[in-house]
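In what follows, a single structure is set out as structure tokens and then discussed.
The values are calculated or read from the model by the stated rules, or taken from the named source; none is laboratory data. Just so you know, these numbers come straight off a predicted model, no measurement behind them. Methodologically, a virtual Cβ is constructed for each residue, glycine included, from the backbone with ideal geometry; neighbour enumeration extends over all protein chains shown. These area figures cover heavy atoms from the full protein model, side chains too; ligands, DNA and RNA do not enter into them. Shrake-Rupley method; radii C 1.70, N 1.55, O 1.52, S 1.80 Å.
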Amino acid sequence: MGTPLLQINNLTVSFEKENNSFTAVKNLNMRVCRGEIRALVGESGSGKSVTSMSILQLIPSPPVSYKSGSILLYKNESECIDLLQLNTSELQAIRGAKIAMIFQEPMTALNPVITCGEQIIETIMLHQQLTKKAATIEAIHLFTSVKINDPEKAIDKYPHELSGGQKQRVMIAMAMSGKPDLLICDEPTTALDVQVQKSILILLKELQQETGMGILFITHDLNVVASFADVVTVLFKGEVVEENTTKALFENPIHPYTKALLACRPGLYPKGYKLPVVHDFLSNPNYKVPSIVREPDVPLPNNQATLLAVNNVSIHFPVATNIFGKVTKSFTAVDQISFDIKEGETLGLVGQSGCGKTTLGRSIVGLQTINEGSIIYKGETIATPNNPYNQQYKKIIQLIFQDPYSSLHPRMRIGDAIAEPLLVHQMVQNKSERKERVIDMLEKVELPADCYNKYPHEFSGGQRQRIVIARALIMEPKFVICDESVSALDVSVQAQVLNLLNDLKASMQFSALFITHDLAVVKYISDRIMVMNAGKLEEIGPANTVYNSPKSLYTQELIAALP
């Protein structure tokens, strides 16, 4: 046990609304010591973020109510203050200076109309009482310490001009500007590529070792904390169900929920294996994963017909134009890509953010024009540079978007959202027949019929993902593009959605292009894997071959970065 830094005692947090009360955290006890990395792990809704935001009291009161408990911040071994008893000005002195926080989504945490440099300079001037000139020098130093490329230029850039990983580094630099004793990291690597994720974790560990600060690291992914955290606390429905050193917890998990989180990871299983889910373990505490028989890859027959062919496709985006509007400089997002997909096949498309994989997927479904090459479906050309996308193929080629919440209209009922493609493409004119088709589709994605009249905000993230799957499949397409459709989901919900996609693919007989940055997921669900880097094709081959014996140096680096 190290010197205590933060001690949470019997914390109960409720949300009050009119006559209703919901308890998000129940009698939580947890300690973070100086120089320690404590991981707080659990699914969405387990109370992780509520706990972290309660430390700095970032949730408005009302609706939040602290029913019991204390949150003690130690100045030294014997002297501490209860954060729940502080007033606003006293808390303001703690926030950033003693306790700093890195939020989950840097794009929403950073001000989009102020340069990154201005935002961090303001923070430095506030906490360190420096002049603007001195704060600017300190900002460049901090940008250098978090390994932001060309820090002198980066301070003049706006958030949208930086990649996801670079934005996250700006957030880390901002959090470190007050030289805090405790750093709270709320899902800071959830949506990042494996290489960027690894670099962020290494950076945080280096900063922690340099400064001796404590870190409270919040995540739903046990893979991430395996080699990063010292101690793990597992939270389920607002209660601590298990706590141990990272090594002991991974080697000998005790609670069924912890066992489930460790067992749900798709990378542990061969293609087609039905993934275990949390319910399996909670409904039967003695549940054990059935024996895994790893069979060799069974390639599709050579005579299997080609469903879709992409021939030498290139896509350019204008970067600069002259006074006459002529493009003088362009960026090549997709560079001479060629591949085909057989009937019944799932092709996994892997690469870092910015490699062009989503742009390529959007071109196949007609949402992005191509500048060179052609796209052919069952022998018919559906897209060329000079001709618009053939609209009839939008019925049989569908896209499942990455973010279900932003792809669903917040004021449209779920039933109407799923039925809309049938109406647009004039497939079913009768309203009662459309409703019948929608309810049947809801049941196929394992949602009850009474979801028909609900709105998107009434569903969890996993349920919303099922809704956008239902909308994509309502027209019974022959080819489906899944664009990062499980990347932001909890590991247990991810397992449910992957099982669902496998079941639907078998029953509805469609082919798929599965786009992701997660090699473990793509190995599990794909027949073949294609790797993209900077718009170019790195390699393509059978899933197990690419995963276990990659030829490309870039693919080797991706696999080496896996947690």
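For region 528-563, a residue qualifies if it is touching a residue at least 60 places away in the same chain (Cβ under 8 Å), in a loop (DSSP other than H, G, I, E, B) and surrounded by fewer than 22 Cβ atoms within 10 Å (Cβ to Cβ), and the qualifying residues are A534, A561, L562, P563. The test for being among the polar types (S, T, N, Q) and open to solvent by 20 Å² or more (accessible area, probe 1.4 Å) holds for S49. Within the option set I364, I337, being surrounded by 21 or more Cβ atoms within 10 Å (Cβ to Cβ) and either more than 26 Å from the chain's Cα centre (by Cα) or on the phi > 0 side of the Ramachandran plot (or both) holds for one residue only, I337.
With the condition kept exactly as written, say whether any residue in region 422-440 is closer than 27 Å to H220 by Cβ and either basic (K, R) or open to solvent by less than 70 Å² (accessible area, probe 1.4 Å) (or both). No, region 422-440 contains no residue that is closer than 27 Å to H220 by Cβ and either basic (K, R) or open to solvent by less than 70 Å² (accessible area, probe 1.4 Å) (or both). Filtered by the rule that a residue be open to solvent by less than 10 Å² (accessible area, probe 1.4 Å), on the phi < 0 side of the Ramachandran plot and not hydrophobic (A, V, I, L, M, F, W, C), region 211-245 gives G214, T219, T233. Looking across C80, C33, one residue alone is at negative phi, in contact (Cβ under 8 Å) with a residue 12 or more places away in the chain and over 31 Å from the mean Cα position of the chain (by Cα). It is C80. Filtering region 169-194 to residues that are of a type in the set (S, T, N, Q) and either open to solvent by 10 Å² or more (accessible area, probe 1.4 Å) or over 17 Å from the mean Cα position of the chain (by Cα) (or both) leaves S177, T190.
Among the residues examined, V232 does not qualify as part of a strand (DSSP E or B), among the hydrophobic types (A, V, I, L, M, F, W, C) and more than 30 Å from G96 (Cβ to Cβ).
Taken over region 1-44, the residue count meeting the criterion of being open to solvent by 70 Å² or more (accessible area, probe 1.4 Å) and modelled with pLDDT under 90 is 8. A single member of V424, V428 is under 30 Å from K357 (Cα atoms) and either without any contact (Cβ under 8 Å) to a residue 12 or more places away in the chain or of a type in the set (F, W, Y) (or both), and it is V424.
The lone criterion from (1) open to solvent by less than 50 Å² (accessible area, probe 1.4 Å); (2) of a type outside the set (F, W, Y); (3) part of a loop (DSSP other than H, G, I, E, B); (4) touching a Gly at 6+ places or on another chain (Cβ under 7 Å) left unmet by S353 is number (1). Looking at M508 and the list (1) touching a strand residue (DSSP E or B) at 6+ places or on another chain (Cβ under 6 Å); (2) aliphatic (A, V, I, L, M); (3) at pLDDT below 90, which single condition is not satisfied? The one condition M508 does not meet is (1). Condition check for Y405 on (1) in contact with a helix residue (DSSP H, G or I) (Cβ under 7 Å, 6 or more places away or on another chain); (2) part of a helix (DSSP H, G or I); (3) modelled with pLDDT of 85 or more: one failure, at (3). As for region 321-332, it holds at least one residue that is farther than 25 Å from P477 by Cα, within 28 Å of the chain's Cα centre (by Cα), touching a residue at least 24 places away in the same chain (Cβ under 8 Å) and buried (at least 16 other Cβ atoms within 10 Å of the Cβ).
In the set L216, L182, L261, only one residue is touching a helix residue (DSSP H, G or I) at 6+ places or on another chain (Cβ under 6 Å) and touching a residue at least 60 places away in the same chain (Cβ under 8 Å); that residue is L261.
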